[in-house]
């Protein structure tokens, strides 16, 4: 094979649809999704041939067309033509990435031999000048199989859902749901010829487990599908800020690719497990799905450019305001801190100059950009110009846990006032447009307080909360703060880990039959079963390990100190002369609590959270007691010193941050493993 043909090309088709002809069906975050994906792909050293097909909502409410030119609309003709062109122009071994953000729908199962009897006929709802047009999974599968037959390696991401219905709670309809009911008139408006013949073109003898898998999985060994949720779930847009939305899958995917993609191939299973962990912590209403060969890699090998830890900075021409080339869609939050360097100096932060780098703080956050202000404009620092680059300093998220007050809760103002003291709570009312929450608080049929999860289901193991007890509101807020603290700790991660530190170790869990779970993920185990933890130090300096169980009774326990090992364990680097193996192994036994089994609850979920640090430290402020289910438990404080926890979290952002130039020998990172135990 000659040098030219050995080069593997990368192709991408990005489809985002905000605007549908029926205004109530229009979405807000889909176009932004694909723009962020496009921005990520362009930030890599690997050239990517990108087709972007979008439908943005026009400012004129009477307009019947998107703001883009017709050739860029995500119509059936444009989408299928783009896929066919890539198939024709590509060569075996090339990589193809297809990303869809928009509505999905589902037609009830038909008598067709190619219809999926469990999921129905799933379809993408594409824009059409006269309304919409469906691209059925079966049709998409045909084009994907043509790519696979040519030897292309295909990754398909679907940030939509196919439930075909809109979920309502009370009188309020959830907004931003990426599904619409199936419309027979829309389907009948276009020829059925392609779908009646397509099954014979594809060759459905290759379809595996058709009664279990969606109908586009014609050849799962040849391509990968990552979907926002299961066929019977709903995918809802994240609320990132005022009038700023994003698809949950797109949002977490870009953040995962940025953190995992360090110039190496990303195994699809590692990426998928990473996504599941993020959804579990921050958006549990959806469970992303992976179909296809888990041994493949995500879109080949995309190498990030040198210095991608740095973000571009520019001055806005109209008012000379300093701006960051990243916003809510990139995970930027108000009050995040950055240090700014001249462009030529950003790759060598140790280079000595007479002027110190400028320190700035995020003042206003928008979807894709943010306004910055200097924290000490009087100091002798560099002159910040367009073309400078910024390096983040803020390791932890500021974001609070969203809790929604249901309509029957009572005096909303009193609730808001009481919750102001809570460190992690962000209360909102049920009429807040587009607001989504991890917890919901209301009253039951006996008028007592009840806490529901993100899907409005009762949470099993919580205390009874009588409405007529003295100080009941304070006690309920205490419980909400306990739950919010638990979820905050679950989601804690270092937003800017040092690459060399991340590569200085491997960590995995192994069950009794030898199955390994690496870099975070989900594992099922029987009651009384044992897990083995292994941490391997690959570097030249000691590592420090702390292990916590975020348990089913909403407790956070230090597994090392409870077993008499102190607050942390030291893992020295391998040294044969000193008989150091560079490895530590810990055995964990998983059980379903007796209190659960006594109430006929035969399974539970634990989150095993690991902190790996470069220096010894204590994570004691993270501990939480169990939430008792007894009413009398409300008479006791649920948590100790909130200020102690706040000081500890502040320390992770300051003492571990190190020097003002953003460099430090104090590093930390986390790993989460979700373990489901069945009795």
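The values are calculated or read from the model by the stated rules, or taken from the named source; none is laboratory data. As the structure is a computational prediction, the values presented were derived from the model and not from experiment. Cβ atoms come from the backbone with ideal geometry, glycine included; neighbour counts cover every protein chain shown.
Quick one: in the stretch 276-285, of everything that is farther than 16 Å from residue 675 by Cα and within 10 Å of the chain's Cα centre (by Cα), which residue is surrounded by the most Cβ atoms within 10 Å (Cβ to Cβ)?
Selected residue: 283.
Go through (1) crowded, with 19+ Cβ neighbours inside 10 Å; (2) within 27 Å of residue 399 (Cα to Cα); (3) modelled with pLDDT under 90 one by one and return the number of the condition residue 644 breaks.
Residue 644 satisfies all of (1) crowded, with 19+ Cβ neighbours inside 10 Å; (2) within 27 Å of residue 399 (Cα to Cα); (3) modelled with pLDDT under 90 except (1).
In the stretch 453-486, which residue that is buried (at least 18 other Cβ atoms within 10 Å of the Cβ) and under 25 Å from the mean Cα position of the chain (by Cα) is nearest to residue 238 (Cα to Cα)?
Going through the qualifying residues, I end up with 484.
What is the number of the single condition among (1) more than 26 Å from residue 331 (Cα to Cα); (2) at pLDDT 90 or above that residue 404 does not meet?
Checking residue 404 against (1) more than 26 Å from residue 331 (Cα to Cα); (2) at pLDDT 90 or above, the one that fails is (1).
Could you check the stretch 533-563 and list, in sequence order, the residues that are in a strand (DSSP E or B) and more than 20 Å from residue 605 (Cβ to Cβ)?
The answer is 534, 535, 536, 537, 543, 544, 545, 546.
Just to be sure, is residue 585 closer than 21 Å to residue 673 by Cα and in the same structural domain as residue 671 (by the TED database)?
yes
Name the residue, out of 58, 66, 92, that is buried (at least 18 other Cβ atoms within 10 Å of the Cβ), part of a loop (DSSP other than H, G, I, E, B) and in the same structural domain as residue 149 (by the TED database).
Just a single option satisfies the conditions, and that option is 66.
Would you mind telling me which numbered condition in (1) surrounded by 14 or more Cβ atoms within 10 Å (Cβ to Cβ); (2) in contact with a helix residue (DSSP H, G or I) (Cβ under 8 Å, 6 or more places away or on another chain) residue 414 fails?
(1)
Among the candidates 307, 327, which residue alone is modelled with pLDDT under 75 and under 27 Å from residue 397 (Cα atoms)?
Exactly one residue qualifies, and that residue is 307.
I'm told residue 609 meets every condition in (1) modelled with pLDDT of 90 or more; (2) touching a strand residue (DSSP E or B) at 6+ places or on another chain (Cβ under 7 Å); (3) not in a strand (DSSP E or B) except one. Can you identify the failing condition by its number?
Residue 609 satisfies all of (1) modelled with pLDDT of 90 or more; (2) touching a strand residue (DSSP E or B) at 6+ places or on another chain (Cβ under 7 Å); (3) not in a strand (DSSP E or B) except (3).
Looking at the structure I just gave you, is residue 344 under 13 Å from residue 313 (Cβ atoms) and either touching a helix residue (DSSP H, G or I) at 6+ places or on another chain (Cβ under 7 Å) or modelled with pLDDT under 80 (or both)?
Criteria not met by residue 344.
Where in the stretch 99-202 are there helices (runs of 4 or more DSSP H), lying fully within it, with 2 or more residues that are within 30 Å of residue 48 (Cα to Cα), in contact with a helix residue (DSSP H, G or I) (Cβ under 9 Å, 6 or more places away or on another chain) and modelled with pLDDT under 90?
Once the helices (runs of 4 or more DSSP H) in the stretch 99-202 are filtered for at least 2 residues that are within 30 Å of residue 48 (Cα to Cα), in contact with a helix residue (DSSP H, G or I) (Cβ under 9 Å, 6 or more places away or on another chain) and modelled with pLDDT under 90, what remains is 137-149, 193-202.
What residue, of 421, 446, is surrounded by fewer than 16 Cβ atoms within 10 Å (Cβ to Cβ), out of contact with any helix residue (DSSP H, G or I) (no Cβ under 6 Å at 6 or more places or on another chain), assigned to a loop (DSSP other than H, G, I, E, B) and modelled with pLDDT of 85 or more?
446
Being at pLDDT below 90, under 31 Å from the mean Cα position of the chain (by Cα) and within 25 Å of residue 512 (Cβ to Cβ) is the filter here, so list the residues in the stretch 549-568 that pass it.
Step one: filter the stretch 549-568 for residues at pLDDT below 90, giving 560-568.
If we keep only those that are under 31 Å from the mean Cα position of the chain (by Cα) too, we end up with 560, 567-568.
Across the stretch 549-568, the qualifying residue is only 560.
Are any residues in the stretch 489-532 in a strand (DSSP E or B) and either modelled with pLDDT of 90 or more or assigned by the TED database to the domain that holds residue 272 (or both), and if so, which ones?
Within the stretch 489-532, 505, 506, 507, 525, 526, 530, 531, 532 qualify.
Would a scan of the stretch 370-387 turn up a residue that is under 18 Å from residue 314 (Cα atoms), at pLDDT 75 or above and buried (at least 20 other Cβ atoms within 10 Å of the Cβ)? Break it down stepwise before answering.
In the first step, residues of the stretch 370-387 are kept if they are under 18 Å from residue 314 (Cα atoms); the result is 370-375, 377, 381-387.
Okay, now just the ones that are also at pLDDT 75 or above, so 370-375.
Filter once more, so that each one left must be buried (at least 20 other Cβ atoms within 10 Å of the Cβ): 370, 372.
There is at least one residue in the stretch 370-387 that is under 18 Å from residue 314 (Cα atoms), at pLDDT 75 or above and buried (at least 20 other Cβ atoms within 10 Å of the Cβ).
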